[in-house]
Amino acid sequence: MISWRVWLLFFVLCRGLHAADPEVHTFSIVAFDPATGELGVAVESKYFGVGSVVPWARAGVGAVATQARAKVSFGPEGLDLMESGKSPREALDTLLAADPNAADRQVGMIDAQGRTAAHTGAQCLEYAGHREGKNYTVQGNLLAGEGVLTAMAEAFEAAQKKEGSELADWLLAALQAGQAAGGDKRGQQSAALLVVHANGGPGGDNDRYMDLRVEDSPAPIDELTRLRALHARFYGPARK
């Protein structure tokens, strides 16, 4: 019979593992549409339930992707700092300055003016990097190579020229291109797409216009694309 001391030790060890910062090696994009005010994040990873960790956004404020050895609190705290008036660069520098594990973090941020900031810590797993563009930033770690980020940036910019499209479509185009370029070295498992604008949620009572998640799938971006199409049929176009 197992003693209570053994069970207590097992509980403490498991709790400690659960409490550790999640290792979410991934690629993502945060972006802003100045024409509509929409803000959003799209992400894919070989990690169960990436949508519960990486993407954060608040209408009229900004969006954040926190990943690698992810500090989940960087999401809400980064949004609070931007809402208080700090630029994304100032907000990100504030978060990193107080973090003893900044070298393990990767973060992308954007505000409701389209200003961006990104950080790839020196200890993020290769290939790791980021690229800031007009109204967006792409970032990733444990990638097949730099080409993943290049493909994402190019796809996002090209997608904006498609008539009748919106931010959600541009974000998805970036994910699809990143995966086609090799994506996460380990493969695929989960993906998420978050887009916010004021009163954009069901009934107009919140800002979550689109909050789609694929928690576990051999082809999560394909499934996310299917869900996005269903969302368009079910809810119609965004209320601007």
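The values are calculated or read from the model by the stated rules, or taken from the named source; none is laboratory data. Keep in mind it's a predicted model, so treat the numbers as computed, not measured. Quick reminder, even Gly has a Cβ in these numbers, built from the backbone with ideal geometry, and neighbours come from all protein chains shown. Heads up: the accessible areas ignore ligands, DNA and RNA and are worked out on the full protein's heavy atoms, side chains in. Shrake-Rupley method; radii C 1.70, N 1.55, O 1.52, S 1.80 Å.
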- Message: Six or more apart or on different chains, Cβ atoms under 9 Å: show the pairs whose first residue is in the range 105-131 and of a type in the set (S, T, Y) and whose second is buried (at least 18 other Cβ atoms within 10 Å of the Cβ) and not in a strand (DSSP E or B).
- Response: T116/P88; T116/N135; T120/A128; T120/N141; Y127/N141; Y127/L142; Y127/V148; Y127/L149
- Query: With respect to F234, is the statement that it is part of a helix (DSSP H, G or I), free of Cβ contacts under 8 Å to residues at least 40 places away in the same chain and among the aromatic types (F, W, Y) true?
  - Reply: yes
- Assuming A229 fulfils every condition listed in (1) more than 17 Å from the chain's Cα centre (by Cα); (2) assigned to a loop (DSSP other than H, G, I, E, B); (3) modelled with pLDDT of 95 or more apart from one, which condition is it? (2)
- Task: Collect the residues in the range 151-176 that are farther than 13 Å from Y136 by Cβ and without any contact (Cβ under 8 Å) to a residue 40 or more places away in the chain, keeping them in residue-number order.
- Result: A151, K161, K162, E163, G164, S165
- Query: Does E132 satisfy the criteria of being in contact with a Ser or Thr (Cβ under 6 Å, 6 or more places away or on another chain), under 11 Å from E44 (Cα atoms) and either among the acidic types (D, E) or open to solvent by 10 Å² or more (accessible area, probe 1.4 Å) (or both)?
  - Reply: no
- Considering only the range 54-76, state which residues are in a loop (DSSP other than H, G, I, E, B) and either buried (at least 24 other Cβ atoms within 10 Å of the Cβ) or acidic (D, E) (or both). V54, A70
- Hey, does the range 83-91 have a residue that's in contact with a Gly (Cβ under 7 Å, 6 or more places away or on another chain), farther than 26 Å from N206 by Cα and of a type outside the set (S, T, N, Q)? no
